[in-house]
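A short worksheet on the structure shown next.
The values are calculated or read from the model by the stated rules, or taken from the named source; none is laboratory data. Because the structure is a prediction, the values reported are computed rather than measured. Virtual Cβ from ideal backbone geometry, glycine too; neighbours counted across all protein chains shown. Each accessible area value is taken on the protein alone, full model and side chains, heavy atoms only, with ligands, DNA and RNA left out. Shrake-Rupley method; radii C 1.70, N 1.55, O 1.52, S 1.80 Å.
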Amino acid sequence: MDTKIRITSLSIIALLFFPILSNGQDAKLFVRKDTIYSKVLNETRIIDVYLPPNYFDANDNYPLQIVLGNTSRTQMYYALANYLSQSYQPEHLHELYSIPQSIIVGVGHTNRKNIDNFRKYITTEVIPIISKKYRESHYKTIVGHSVSGELVLHSLLDSDSPFNSFFCSAPANSDFFIKKLRNKEIANNLTTSKRKLFFAAGENDYFNTENRILINKFKELKQKGFSFESTIKPYANHHSVLPMSIIDALFFIYQDWHFTIPEEQTVDATNLLIDHYEKISRKIGFEVQPPEFDFYLLAYLLNIRKAFNEKIKVLKMCKKYYPQAINADAYLARTYYNLGNLQEAKTYNQKALLINTDNEFAKQTKELIDKHR
C-alpha cells in the first residue's frame, strides 16, 4: 500500500531568488507512507518517506538518511535538514546551500531485544525498497537516539554496513562499545574506513558519564580515513540532546559537500563545480554527479553577476550530465533571447518544449521570440 500526501509549498529558489526557474508550477513536497511486510521481523511495518521539494523538478539522485524513532522525530529531523538544504540569499552568501537535499526515511523504533534483526530489516528490506522506488544515491546516513543510538554504533562497527555516515545521540550501552574499541582489529578496520561518526551527549543525561568515556575512546583512535566529531551539550537531558544536536550533525555529515564560489570568481565557475564533486567522489570512494539543480543555482548566481557566457557554459554542461534536464534548454533559450541571439534562443526553446510541452517558462519564451517575426 502506498498513500501519498501532496503538500504545495513555495519553491524558495524558483519563486523568490531565481525568476527564470519558475515554470508556472509550485514546487511539490511529497510525504509518503509505505507499508512493508517484514520477513525479518515477521510483522507489518510503516515507513515515512520524505522527498526533497525539488524531487520532481530535476533528475538528481539524492543522499539517503535513515532515521530511527517515531514519526515526530523524523519530522523534526526532516524539517531542519530541509531548511538547511534550501538556497538562502545565494547572491550574498556566495553558496548554493548549506547541505545537499536528501531523501529522509523514518523507520520507527527498535529495542535492545531485536537490535540485530532491526538492523537486518533496514539493510535487507527498507534500503532495497527505497533504492528501487526512489532516486537515492549510494551515500547513506543512519541516525539514532538512545537505544536506537546503540543500533547506530553496532552498524558503525559492522564492516558490511551499507552506511557511510553515522549520527548517534545519547547512545545506550556505551560500556559494550568501549570494550569493542579495545579490539585492535575492530579499531583498525574503523580508522582505515571512509566512515564518519557524529556523537552527541548531554550534560544532564543519565548516560552522560558512560557517553563521555566512549567519546574519549573514539578520540584516541587515529583518524586515517575515519572522521569523528562529538558534542556535549550543556543543560541537555536525555530528551533534549537530540534536537539540540541535529544541526551540528548535519553540518559535519555534509561538510565536504559544501560548495562556495569566490565572491569575484565567475570565469571558472563551471569547472569549480565539476572539480568540487570530483573531490567528493574521491573522498567517499564512489562517483557523485553534480546535481542538476546545482547547475541551475550556479546559473542564477552568474546571471546576477552578468557573467552570461559562463552562465551559458554552466547550462550546457548541465545538458552533458543530464540530456533530459527539465529546464536547462529553457534557461539557455531565455539567456540567448536576452542577449539578442534569436536563432539560438529559438533552437534551445524548441528542445525545451520537446522535453516538456507544458513547460510554461519555455512557452513564455516562445511568445517573446514570435513577436520578432
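Modelled spin labels at Gln265 and Tyr83, positioned 7 Å past Cα toward Cβ, are 2.9 nm from each other. Calculated accessible area for region 156-230 comes out at 48 Å² per residue, all protein chains present (probe 1.4 Å; ligands, DNA, RNA ignored).
As a test of the definition: which semi-axes, in Å, follow for region 209-260 when you take the square root of five times each eigenvalue of its alpha carbon gyration tensor? Largest first, please.
Semi-axis lengths for region 209-260 are 22, 19, 6 Å.
Rank these residues by their accessible area, most exposed first, probe 1.4 Å: Arg212, Arg112. Don't skip to the end; give the middle numbers.
Details: Arg212 90, Arg112 125 Å².
In descending accessible area the options line up as Arg112, Arg212.
What the Cβ-Cβ distance of Ser240 and Asp358 gives, at R0 = 45 Å and to the nearest 0.05, is a FRET efficiency of 0.40. Evaluated at q = 0.09, 0.16, 0.17 Å⁻¹, the base-10 log of the normalised Debye intensity for region 125-284, with identical point scatterers placed on the Cα atoms, takes the values -0.35, -0.94, -1.02.
Other residues lying with their Cβ under 13 Å from the Cβ of Asn189 contribute a combined charge of +3, Lys and Arg counting +1, Asp and Glu -1. Rg over Rh for the chain works out to 1.02, both radii taken from alpha-carbon positions and Rh defined as the Kirkwood radius. Taking the inverse of the mean 1/r over every pair of distinct Cα atoms in region 203-323 gives a Kirkwood hydrodynamic radius of 17.6 Å.
Across the accessible surface of the chain, with the other protein chains kept in place and a 1.4 Å probe, carbon and sulfur atoms take up 50 percent. Consider all pairwise Cα distances in region 129-195 and report the whole-number % of them above 20 Å. Considering region 129-195, 34 percent of its Cα-Cα pairs are separated by more than 20 Å. Placing R0 at 56 angstrom, the Cβ-Cβ distance between Thr124 and Glu91 gives a FRET efficiency of 0.75 after rounding to 0.05. Spin-label model, Asn183 to Ile213: label points 7 Å out along the Cα-to-beta-carbon direction sit 1.9 nm apart. Within region 215-248, the chymotrypsin sites (Phe, Trp or Tyr not before Pro) that combine a DSSP coil assignment with at most 14 other C-beta atoms in a 10 angstrom radius are Tyr235.
Give me the Kirkwood hydrodynamic radius of region 22-161, using the inverse of the mean 1/r over all pairs of distinct Cα atoms, in Å to one decimal. Don't jump to the answer; show the numbers that get you there.
Numbers: mean 1/r = 0.0622 Å⁻¹.
Roughly 16.1 Å, rounded to one decimal.
As a ratio to 2.2 N^0.38 Å, the alpha-carbon radius of gyration for region 263-373 is 1.14.
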